[in-house]
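The values are calculated or read from the model by the stated rules, or taken from the named source; none is laboratory data. These numbers come from a predicted model, not from an experiment. Quick reminder, even Gly has a Cβ in these numbers, built from the backbone with ideal geometry, and neighbours come from all protein chains shown.
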Amino acid sequence: MSSQGRAAWSLLLTAALALLSGGCESEYSLPPTACDDYCHATLRGNCADDAPADCVRDCEKANTATVRDRCAAAWRARDDCWLTAAPSAFSCQDKHSKIADICLDERRAFAECVSPGSGSCFDQCVRQAQACGSTLSDCEAGCSNPTPACRSASVAFNTCLLGYPVDCGNGSEPDTRDPAHTPCYYEALGVLACDK
Amino acid sequence: MRPGLRRVAACLLVWASVARAQPAPIEPPTATASGVDPTGPSNPAAPVSPPIEIIVQGPRNDGGQGFTRAEVRQLPGALADPLRAIEALPGVTPTLSGVPYFFVRGAPPGDVGYFFDGIRLPALFHALGGPSVVHPGLVESVELFPGPYPVEYGKFAAGAVVARASEPALEPRGELAVRATDSSALIDTPVGQSTNLTLSGRYSYANPILHLFSADMNVAYWDYQARVGQRLSADDRLTLLAFGAHDALTDTNDGKLRTLYGIDFHRIGLRYEHGLSEGQVRLQLLGGWDRSLARDGDVRVDDLSSEIRIDVDQGLSHSTRFRAGASVSRDQYALDLAKLDDPDARERYRIQFPPRADFVGSSYFALDLELGSGVSVTPGLRADAYASRGQHALGVDPRIDAEYRVSSRLSLHSALGVAHQPPASAVPSPGLNPTLGQGLQTGLQYSSGFRLRLPSDVGLQVTLFQTALFNLSDSIGQARVSDTDDRVTEDTRGMGRSRGVELLLKRSLTRRLGGFLTYTLSSSRRSVARASVPSAFDRRHVLGAALGYDWGRGFRSGIRGTLYSGIPADVAYLEAARDPPRTSPFYRLDLRTEKRFRWGNSGYISLVFEVINATLNREVLSASCDAYACKERRVGPITIPNVGIEAAF
């Protein structure tokens, strides 16, 4: 074989070796963040549309760095609880992972840490989920939102609701009840006024 | 002799003796003779005549690489379609198997131009991985110019795919292909002494097969080509060429008919060619109509275009040729948003694709210089002036390529060039061309390498390349930034850069044993808003190999393998997106086997069985990762079987 031929085959061999060695395929380059931990603990339904990156992005938007630092212990305790839960606690809803109503104490503690006083909101969510079959996590997400200015109004409203039976009324229908007979009507007005 | 347009002078007696020694006819597309004494071969005793001239025409080797139609016929997975075969070439990174959008040397699909017979093709393939929109029988060869490309072509920042039309037949020829999803036919025949007529087309009936996979979907596509050539004199030719295509892929969702892919385009061109003493001048008038439906068919864009163009190719001496040309074009765009309810989307379309008239004036000039000692250089310059809605832009594109023939087997080549392009749609579609907006994209390209002719007619080509794309409009390639940074939208311009090495080892597939090995090692990145990430379809390794063997008695088989490494995964943090995990690699095997029955002197009937992705591998569409794990979304298997009958005379 000529020297040119040898050079050509050497090049080919080098290229093949580079390919077979897998090149320089990289691993994830950052240590896990709190939101990585959260998504690792919650995306356990093995559902078709579960997207870890989207989950982390949503988590970052929903929880400021201050909240994550301040509530690191409660965050960790909640994640640990989910991680130790049986796989059967995770299912798929609309091709996304859904968590059963487990780790309620840890979740309540986290909600209380993020937004002091929101424990009553969480309790009301649990009651509603159990009585009406609604999704706890959807309701739960709303508990951590009130601004400090609205916090007292929210606490008053949820504490009031806890004193009444759960109302599973159709949310899409207008409530035509007399205000005097509507539970926590004035507390609800307080929340609405605050939101404005 | 170096490929290119060359003038050969020979004496009549010499010509006669050559003709006896090699009785095989010269193929019409590659050679034309003028001034030949018709009595020559039969009258060897004739006195020595003045020298006659034979013009040998062939494609110049100006940095392109590709396949001839004859080779593509033997290439498994190409469905005998030259345009489909370009995905097998080095430098081409597929998005997905069977999806006709390619990244070329890191440049997005919208930055690569496709030309048929010098006319831009606004779409390349029919829906659902279907065949190309031009009948394969009308395509003599396809060449990919992944780097600095010839200055005759322009308005694309990255590369060009050039499909050369077959020359008009000297004797009647025809082709017929009947497949499970569509049928096509071509007839090419002389009419009288100086006229030639070519008609071809394709019509689909793929719905019964499509309904096996999705009962709610319907597909319809067709295309046509017509060419009339009239030789006016020995030096003058007039050609009328018309071609077009239609595609409609629809489905029904909640009782509403949606158009998932809907396009039409038509072109009609009248070309006058006049032979010069050492070259040719070509004048062309072109008209076109393009239409695309977007957003489930709620948006319709129309483009009525016209162009006048002149090209001159003339030899100045035995070592110098010049090529020059100019064109002026006008595109009248219309936008119909009557069916679109979303006000935000309406506004976006009005800004990006408003009704308007765009003008482009272009000119180019290039010299082919033989400097002696095996050195040839081609400097060129192209300028395109754009006007759109009161905005103006000028792209000046200098390009140069050089070749040094070290020996009869080894040559070195280098090329450097600049190319400009108006902004492009994320997914190219007929008429869906954005306004100038934030100005032209600019491509700066460099490549260097060698070509080596090995024993047994095996050729090796190795090329190093580097490309930088400025003011790049590539919403797909920079998706990994826009996913993680809300400030980056699909309109945000960025910068792209890619570099790598390409290898092509090839023995013509028309040989009894033929095949090729291609390999591309590359890195392609996007920089947007101070973030630098890999392009969304940056595949570090792309490997292809094919082998074909003629078993005799009309049996021929081939196998082709394709292997490519994964694309960057979606991650939440920009820091992780700089060097993210990758999806799993993908490989597929394509098979082809054919039994050909001879018919007459040159005709045949073939039974062909071909399958793309015979291993039924599922391809990874995307991956989403956090610090613990990645979740891949797969599609497919995208497997295209083809059982057909092909006939030609």
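Looking at B:Ala419, B:Ala479, which is the one that is farther than 19 Å from B:Ile351 by Cβ, aliphatic (A, V, I, L, M) and away from chain A (no Cβ under 14 Å)?
Selected residue: B:Ala419, the only one of B:Ala419, B:Ala479 that is farther than 19 Å from B:Ile351 by Cβ, aliphatic (A, V, I, L, M) and away from chain A (no Cβ under 14 Å).
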Any residue that is within 30 Å of B:Pro172 (Cα to Cα) and either of a type in the set (Gly, Ala, Ser) or in contact with a helix residue (DSSP H, G or I) (Cβ under 7 Å, 6 or more places away or on another chain) (or both) - is there at least one of those in the range B:299-322? no
Which numbered condition in (1) in contact with a strand residue (DSSP E or B) (Cβ under 8 Å, 6 or more places away or on another chain); (2) farther than 14 Å from A:Ala34 by Cα is the only one that A:Cys81 fails? (1)
I'd like the full set of residues that are out of contact with any helix residue (DSSP H, G or I) (no Cβ under 7 Å at 6 or more places or on another chain), under 17 Å from B:Gly118 (Cα atoms) and buried (at least 20 other Cβ atoms within 10 Å of the Cβ), limited to the range B:220-243. B:Arg227, B:Gly229, B:Arg237, B:Thr239, B:Leu241, B:Phe243
From the list B:Leu394, B:Leu436, B:Leu432, B:Leu410, which residue is out of contact with any Leu (no Cβ under 9 Å at 6 or more places or on another chain), surrounded by fewer than 20 Cβ atoms within 10 Å (Cβ to Cβ) and hydrophobic (A, V, I, L, M, F, W, C)? B:Leu436
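Considering only residues that are hydroxyl-bearing (Ser, Thr, Tyr) and under 14 Å from B:Ala226 (Cα atoms), look in the range B:164-190 and name the one that is surrounded by the fewest Cβ atoms within 10 Å (Cβ to Cβ).
First, pick out the residues of the range B:164-190 that are hydroxyl-bearing (Ser, Thr, Tyr): B:166, B:181, B:183-184, B:189.
Next cut, under 14 Å from B:Ala226 (Cα atoms) only: B:166, B:184, B:189.
Working: B:Ser166: 21, B:Ser184: 23, B:Thr189: 16.
Within the range B:164-190, the match that is surrounded by the fewest Cβ atoms within 10 Å (Cβ to Cβ) is B:Thr189.
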Which residue, of B:Pro568, B:Pro581, is at the interface with chain A (Cβ under 7 Å from one of its Cβ atoms) and either touching a strand residue (DSSP E or B) at 6+ places or on another chain (Cβ under 8 Å) or surrounded by 18 or more Cβ atoms within 10 Å (Cβ to Cβ) (or both)? B:Pro581
Does any residue of the range B:552-563 turn out to be farther than 19 Å from B:Leu509 by Cα, within 13 Å of another protein chain (Cβ to nearest Cβ) and in contact (Cβ under 8 Å) with a residue 12 or more places away in the chain? yes
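Just for strands (runs of 3 or more DSSP E) wholly inside the range B:424-535: which have at least 1 residues that are under 21 Å from B:Gln65 (Cα atoms)?
B:441-454, B:458-472, B:494-507, B:513-528
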Looking at (1) over 27 Å from B:Thr259 (Cα atoms); (2) more than 29 Å from the chain's Cα centre (by Cα), find the lone condition where B:Leu367 falls short. (2)
Here are some conditions: (1) within 14 Å of chain A (Cβ to nearest Cβ); (2) modelled with pLDDT of 90 or more. B:Leu574 meets all but one. Which one does it not meet? (2)
Can you find a residue in the range B:503-517 that is under 21 Å from B:Ala424 (Cβ atoms), more than 11 Å from chain A (Cβ to nearest Cβ) and under 23 Å from the mean Cα position of the chain (by Cα)? no
So in the range A:44-59, with the set limited to residues that are crowded, with 17+ Cβ neighbours inside 10 Å and in contact (Cβ under 8 Å) with a residue 24 or more places away in the chain, which one is farthest from the chain's Cα centre (by Cα)? A:Cys47
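Which of the following residues is free of Cβ contacts under 8 Å to residues at least 40 places away in the same chain, surrounded by fewer than 20 Cβ atoms within 10 Å (Cβ to Cβ), within 9 Å of chain B (Cβ to nearest Cβ) and among the hydroxyl-bearing types (Ser, Thr, Tyr): A:Thr64, A:Thr84, A:Thr33? Before the answer, list the steps.
On the way: A:Thr64 fails: within 9 Å of chain B (Cβ to nearest Cβ); A:Thr84 fails: within 9 Å of chain B (Cβ to nearest Cβ).
Within the list A:Thr64, A:Thr84, A:Thr33, the selection yields A:Thr33.
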Of everything in the range B:364-378, what is within 14 Å of B:His413 (Cα to Cα) and loosely packed, with under 15 Cβ neighbours inside 10 Å? Give them in sequence order. B:Val375
Please work out if B:Leu589 is aliphatic (A, V, I, L, M), within 11 Å of another protein chain (Cβ to nearest Cβ), surrounded by fewer than 23 Cβ atoms within 10 Å (Cβ to Cβ) and over 19 Å from B:Leu521 (Cα atoms). no
The range A:119-142 residues that are within 18 Å of A:Gly169 (Cα to Cα), paired with ones that are at pLDDT below 80 and among the charged types (D, E, K, R) (beta carbon under 8 Å, 6 or more apart): A:Cys125/A:Glu140
Give the residues of the range B:349-363 that are in a helix (DSSP H, G or I) and loosely packed, with under 15 Cβ neighbours inside 10 Å, sorted by residue number. B:Arg350, B:Ile351
Would you pick out the residues in the range B:605-636 that are surrounded by 15 or more Cβ atoms within 10 Å (Cβ to Cβ) and away from chain A (no Cβ under 14 Å)? B:Ile605, B:Ser606, B:Val608, B:Glu610, B:Val611, B:Ile612, B:Asn613, B:Ala614, B:Asn617, B:Glu619, B:Gly636
Search the range B:464-488 for residues that are of a type in the set (Phe, Trp, Tyr) and pair each with any residue that is modelled with pLDDT under 90 when their beta-carbon atoms are under 7 Å apart and the residues are at least 6 apart or on different chains. B:Phe465/B:Gly147
